[in-house]
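The structure appears below as structure tokens.
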């Protein structure tokens, strides 16, 4: 299993290196949709930096969503357990 993990990591790393080499040109990233030429709301960076940043941001959002979903499912399970326990107590009375 360990050699397979290393092979997968190596192939992903190789793909990232090729992506970076193919996209070295500097591009303008503007945060102002009405005036893209306005430099006050943007910056210039190599394209692969923007691509890797977008991928990293997507991974971060997925991690946060997974954590929030896990917490919400745990709270729902606890609430159902408490409500069923209270219902059992009411039935006993």
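Here are some notes:
- For region 2-92: relative contact order, % (alpha-carbon pairs under 8 angstrom, 6 or more apart): 18 percent
- Cα shape, the chain, gyration tensor, a/c 1.5 rule: oblate
- Between helix 2-22 and the chain there is an angle of about 40 degrees, using the helix long axis and the longest principal axis of the Cα atoms.
- Degrees, to the nearest 10: 47-92 long Cα axis against longest axis of the chain: 0 degrees
- Estimated from helices alone, the mean residue ellipticity of the chain at 222 nm is -26500 deg cm²/dmol (sum of -39500 (n - 2.57) over DSSP H runs with n ≥ 4, per residue).
Here, each number is a calculation from the coordinates, and none is a lab measurement. Small disclaimer: the values here were computed from a predicted structure and weren't measured.
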